[in-house]
1. Being hydrophobic (A, V, I, L, M, F, W, C) and closer than 28 Å to Phe31 by Cα is the filter here; which residues of the range 156-175 pass it?
2. Tally time: how many residues in the range 176-195 are among the charged types (D, E, K, R) and either touching a strand residue (DSSP E or B) at 6+ places or on another chain (Cβ under 8 Å) or at pLDDT below 95 (or both)?
3. Could you run through the range 165-203 and say how many residues are more than 16 Å from ligand 1 (Cβ to nearest atom) and either at negative phi or of a type in the set (A, V, I, L, M, F, W, C) (or both)?
4. Can you run down the residue pairs with Cβ atoms below 9 Å, 6 or more apart or on separate chains, where the first is in the range 181-201 and farther than 22 Å from Glu329 by Cβ and assigned to a strand (DSSP E or B) and the partner is more than 14 Å from ligand 2 (Cβ to nearest atom) and of a type in the set (D, E, K, R)?
5. Restricting attention to the range 297-312, does a residue exist that is in contact with a Lys or Arg (Cβ under 7 Å, 6 or more places away or on another chain), under 30 Å from Leu48 (Cα atoms) and not polar (S, T, N, Q)?
6. What are the pairs with Cβ atoms under 6 angstrom where one residue, in the range 241-269, is at positive phi and the other, located anywhere, is not in a loop (DSSP other than H, G, I, E, B)? Sequence gap at least six, or different chains.
7. Quick one: is Val43 touching a residue at least 24 places away in the same chain (Cβ under 8 Å), within 16 Å of ligand 2 (Cβ to nearest atom) and not in a loop (DSSP other than H, G, I, E, B)?
8. Name every residue in the range 238-272 that is among the hydroxyl-bearing types (Ser, Thr, Tyr) and either farther than 15 Å from Lys188 by Cβ or surrounded by 21 or more Cβ atoms within 10 Å (Cβ to Cβ) (or both), in order of residue number.
Amino acid sequence: MERSSSSEEREQSIEAFGWAARDSSGYLSPFVFSRRKTGAEEVRVKVLYCGICHSDLHCLKNEWHSSIYPLVPGHEIVGEVSDIGSKVRKFNLGDKVGVGCIVDSRRACESCREDQENYCTKAVATYNGVHHDGTVNYGGYSDHIVVDERYAVKIPHTLPLASAAPLLCAGISVYSPMKYFGLVGPDKHIGIVGLGGLGHIGVRFAKAFGTRVTVVSSTSGKSKDALETLGADGFLVSTDEDQMKGAMGTMDGIIDTVSASHSISPLIGLLKPNGKLVLLGATEKPFDLSAFSLIIGRKSVAGSGIGGMQETQEMIDFAAEHGVKAEIEIISMDYVNTAMDRLAKGDVRYRFVIDIANTLAATRP
Ligand code: NAP
Ligand code: ZN
């Protein structure tokens, strides 16, 4: 087991334990490090569950060329407040809270004032981000985390905690663009491309909004899940030209969650005039895009990244009210490397969630 010496030497820090990758092999193993003491406006959160997002895998493997090792992933965190600073207003000890992809931002800039901390140019990532004291942040594959109360949300009692965890990233990432781009309601028909962690929650939010939703998947294997378990209205196999042709010009918007390089031209063809293709999948390679595919029909291609803190709370409350939750496979901490291999192969229905509270401590050598 390796120790993080620089942060360990900091005064008044508290020992923490998690799993980290040391290099771009992405292989995770036990890691002792330290967390700062709880600041006046901060809460310390005992991590109960943490979802495994495909972004964790991108980062572990350094696919975005910005990974800082040792890297403790995890930004779909649900936990319990175990300590609060003197100026904390939102939370009490024992509250169930969620922490998502960001833990800080500028706070006074235009984006932050408009509750879009996610678009603040100084937004700080929950892991692989750098705290203002210069230390690197470690994520939720760990026993606890310290966070400013602004960047934590309340989890209503009615939400099952394990299946709520993926809402903190996957949930807000699909909820926010559906609302922003006006893709909600019974008069709208949307496509969701890629039925993975983001995609399947997207179907559930779409149905909760009353929107007609068609899943566009790379194979036919998930059609039963899409139509029966998740309640999608339609299912298209993206490699089936006849099916794709038959659906041309039928969608007001598309939420594209594909995690790998793929062609977007056929997707643009599915849009009605004025339709919007919203890219969420964080693939590094540039897309093929012809101007004519957009000019004819005044279509647009856009991107969207998670959501602001206020909207994240709104999304969680909406999920609790409408019973939106993730389909999960709960795993123990020591299964995480196998889970990553399976996620890379698309072998998960539909989100792995690590049972941190019950299985992490046992992995401590
Ligand atoms: P995931 O669970 O692995 O799902 C991705 C889905 O994409 C797969 O289930 C698969 O769906 C489809 N897919 C994968 N490889 C494909 C290929 N080569 N061609 C066509 N389809 C393919 O991943 P996730 O956690 O949902 O994340 C999806 C992407 O969104 C990742 O890149 C992640 O980093 C990114 N992300 C973005 C945001 C944001 O705010 N923008 C937030 C979180 C994550 P089918 O089997 O149905 O084809
Ligand atoms: Zn994520």
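1. Passing the criteria: Leu161, Ala162, Ala164, Ala165, Leu167, Leu168, Cys169, Ala170.
2. 1
3. Here the count works out to 5.
4. Here the result reads His189/Arg212; His189/Asp233; His189/Asp252; His189/Lys272; Ile190/Arg212; Ile190/Asp252; Gly191/Asp256; Val193/Asp256, each pair linking the range 181-201 to a residue that is more than 14 Å from ligand 2 (Cβ to nearest atom) and of a type in the set (D, E, K, R).
5. yes
6. Gly249/Lys272
7. no
8. Ser238, Thr239, Thr257, Ser259, Ser261, Ser263, Ser265 - these are the residues of the range 238-272 that are among the hydroxyl-bearing types (Ser, Thr, Tyr) and either farther than 15 Å from Lys188 by Cβ or surrounded by 21 or more Cβ atoms within 10 Å (Cβ to Cβ) (or both).
The values are calculated or read from the model by the stated rules, or taken from the named source; none is laboratory data. Owing to the predicted nature of the structure, the values given are computational and were not obtained by experimental measurement. Here Cβ is always computed from backbone atoms with ideal geometry, including for glycine, and neighbour counts include all displayed protein chains.
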